[in-house]
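Comments concern the structure below.
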Amino acid sequence: MEGKCELCHRQDIILTKHHLLPREEGGKEEDIALICEDCHKHIHALYSNKELAVRLHSIEALKADDQIRKYLKFIRKQPASKKVRSYKSRERRKR
């Protein structure tokens, strides 16, 4: 499905369902946001499901996070047709 990403606000982009409260942490189908694949991959590269459930369980909380804010500044300048690679953060790789 195509539309507008709830996180980066890019238009006419393929959207995925992001569970704001991850399923393994008790999230339900109602706890979703429609975000682009690039944002979705980047969120999961930076944070564990536990951390997402505890402190980043809303679009507003994600937008307020320093690392996500830096990423959003970058991704908003990219065309919807461009695929952006995301890498696990150093903190995630150590775990």
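Those residues that are assigned to a strand (DSSP E or B) and touching a residue at least 60 places away in the same chain (Cβ under 8 Å), I need them from region 1-26; list them, please.
Scanning region 1-26 gives a single hit, Ile13.
Filter region 68-79 for residues that are assigned to a helix (DSSP H, G or I) and within 19 Å of Asp12 (Cα to Cα); which is most open to solvent (accessible area, probe 1.4 Å)?
Selected residue: Lys73.
Only one of (1) more than 13 Å from the chain's Cα centre (by Cα); (2) open to solvent by 30 Å² or more (accessible area, probe 1.4 Å) is not met by Gly3, so which one is it?
Failed condition: (2).
The values are calculated or read from the model by the stated rules, or taken from the named source; none is laboratory data. In this text the structure is predicted, and so the values were computed from the model without any measurement. Here Cβ is always computed from backbone atoms with ideal geometry, including for glycine, and neighbour counts include all displayed protein chains. Ligands, DNA and RNA are stripped out before the accessible areas are found, and what is left, the full protein with its side chains, is counted by its heavy atoms. Shrake-Rupley method; radii C 1.70, N 1.55, O 1.52, S 1.80 Å.
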